[in-house]
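Student: Have a look at this one before I ask anything.
What follows is calculated from the coordinates using simple rules that are stated; it is not laboratory data. Source: prediction; values computed, not measured. Don't worry about glycine lacking a Cβ; one is built from the backbone with ideal geometry, like all the others, and counts go over all protein chains shown.
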Amino acid sequence: MTGTIRLSRKPARAMARWLRAHDIEAYVIHPTSVAVSREHRRAKTDRLDTGLLKRVFIGWLRGEPDHCHMVTIPTLAEEDAKRPNREREGLVRERTRIVNRMKSCLARFGVRSFKPTLRKAPERLAMLVTPEGVPLPANTLLELRRDMARLRFIMDQIKEVEEARGQRLEQAPQEKSHAMVRMLARVIGVGIETADMLVHEILSRSLRDRRAVARYAGLTGAPDESGSRRQEKGLAKAGNARVRRGMIQLAWRFLLFQKDSALAQWYRTRTESAGKKRKTMIVALARKLLIALWRLVTIGEVPAGVVLRAA
């Protein structure tokens, strides 16, 4: 049996994969690509939404791309490849939350020199004293010990995720995504975490050109022009937030480790006499850097002046 089915919600990607496996043509409409009237409070029901989606879908099938946009359906392997980096990101946030909570609790008693992430932190916890020279109260000490146990468990999980990733890179070094990670990690200033995130979130995707790369990362501008008025509303922020955050952080790091590169010189030339402009221009540098890294892993073009580690 063959047919065409339109799906319009994010969890529908799994259903679309199942339908395609059964020879049924299925598409997932990007929800923000459907134009709706905003001139007044709009009635919203399942019947009205279904009619709207049917109209835009028929227009798209006629070859009118502006009616709506379709979501790329990732394979099971592509979805699974994203999980280790995203899991580690969540574990790091949980580690930070527990550390901040422990430091906040100790600050109430005047203790500010304790570092929960040290290896001997559990043993030092029992010897902590307040500025008055008395030990920590019993309930507080028990709470901190429980937090310490959770912290150690999370840190062990982070280590387990990192070791598993290292084993995968060593066991299949010629696999396309693994080769991309190794290539990016050779750039001085790019760590294995950033390389793994960029490859599985954006660089392993089949993107049309450099504009599509920047647009998927949400690093493009949002101009507001009408008549003689010209202004920028800032970043569009319509793409992958993980890639956008990671690239802006990498851009600052790139200026420290690749000072002689053409991109770093381009940034310094435009910001040497404008202090407040630095934060605005770092976004432009992040966009240019992302495109340069995309070219590096796809066609092997090394950015001008960028220093690589030995293979």
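Student: Choose one of GLN167, ALA214, SER177: the residue whose Cα lies farthest towards the positive end of the charge dipole of the range 156-230 (beta-carbon charges +1 Lys, Arg; -1 Asp, Glu; about the Cα centre).
Tutor: About the Cα centre, the residue reaching furthest to the positive side is ALA214.
Student: For Cα Rg over 2.2 N^0.38 Å, the listed values are (1) 1.03; (2) 1.29; (3) 0.99; which was obtained by calculation from the structure presented?
Tutor: (2)
Student: Please turn the phi angles of the range 296-306 into ³J(HN,Hα) values with the Karplus equation 6.51 cos²θ - 1.76 cosθ + 1.60 (θ = phi - 60°), one per residue in order, whole Hz, x for glycine and proline.
Tutor: Result, rounded to whole Hz: 4, 7, 9, 10, x, 7, 7, x, 4, x, 7.
Student: With each pseudo-label sitting 7 Å past Cα toward Cβ, what's the GLU160-THR269 distance in nm, one decimal?
Tutor: 5.1 nm
Student: GNM on the chain, C-alpha springs below 10 Å: top fluctuator among LEU144, LEU263, LEU48?
Tutor: It is LEU48.
Student: Kindly rank 85-95, 123-133 from highest to lowest mean number of other beta carbons found within 10 Å of each residue.
Tutor: 85-95, 123-133
Student: If a/c stays under 1.5 just call it rounded; otherwise compare a/b with b/c (prolate if a/b is bigger, oblate if not). Do that for the range 178-299, with a ≥ b ≥ c from the square roots of the Cα gyration tensor eigenvalues.
Tutor: oblate
Student: How big is the dipole moment of the chain about its Cα centre under a simple scheme where the beta carbon of each Lys and Arg is +1, that of each Asp and Glu is -1, and everything else is neutral? Debye, nearest 20, please.
Tutor: 980 debye
Student: A further question follows. May I ask which residue of VAL302, SER113, LEU198 lies farthest towards the positive end of the charge dipole of the chain, with charges of +1 (Lys, Arg) and -1 (Asp, Glu) on Cβ and the Cα centre as origin?
Tutor: Farthest along the dipole direction, towards plus: SER113.
Student: Sticking with this structure for a sec: Taking only DSSP H segments of four or more residues, each worth -39500 (n - 2.57), what value at 222 nm results for the chain once the sum is divided by all its residues, to the nearest 500 deg cm²/dmol?
Tutor: Taken over the chain, the calculation gives -18000 deg cm²/dmol.
Student: Something else: For the pairs LYS44/LYS82; LYS103/LYS159; LYS82/LYS120; LYS103/LYS279, flag any whose C-alpha to C-alpha distance is greater than 27 Å.
Tutor: LYS44/LYS82; LYS82/LYS120; LYS103/LYS279
Student: Mind ordering 224-233, 107-116 by average Cβ neighbours within 10 Å, highest first?
Tutor: 107-116, 224-233
Student: Using 1/(1 + (r/R0)^6) with R0 = 41 angstrom and r between the beta carbons of TRP252 and GLU79, what's the FRET efficiency to the nearest 0.05?
Tutor: So, using R0 = 41 Å, E works out to roughly 0.85.
Student: Quick check for me: using +1 on Lys/Arg Cβ and -1 on Asp/Glu Cβ, what's the dipole size of the range 155-287 about its Cα centre, in debye to the nearest 20?
Tutor: In total the dipole reaches around 820 debye.
Student: Okay, moving on. Sort THR271, THR45, THR96 so the one with the fewest other Cβ atoms within 10 Å of its own Cβ comes first.
Tutor: Ordered from fewest to most neighbouring Cβ atoms within 10 Å, THR271, THR45, THR96 come out as THR45, THR96, THR271.
Student: Arrange HIS30, HIS200, HIS22 by Cβ neighbour counts within 10 Å, fewest through most, would you?
Tutor: HIS22, HIS30, HIS200
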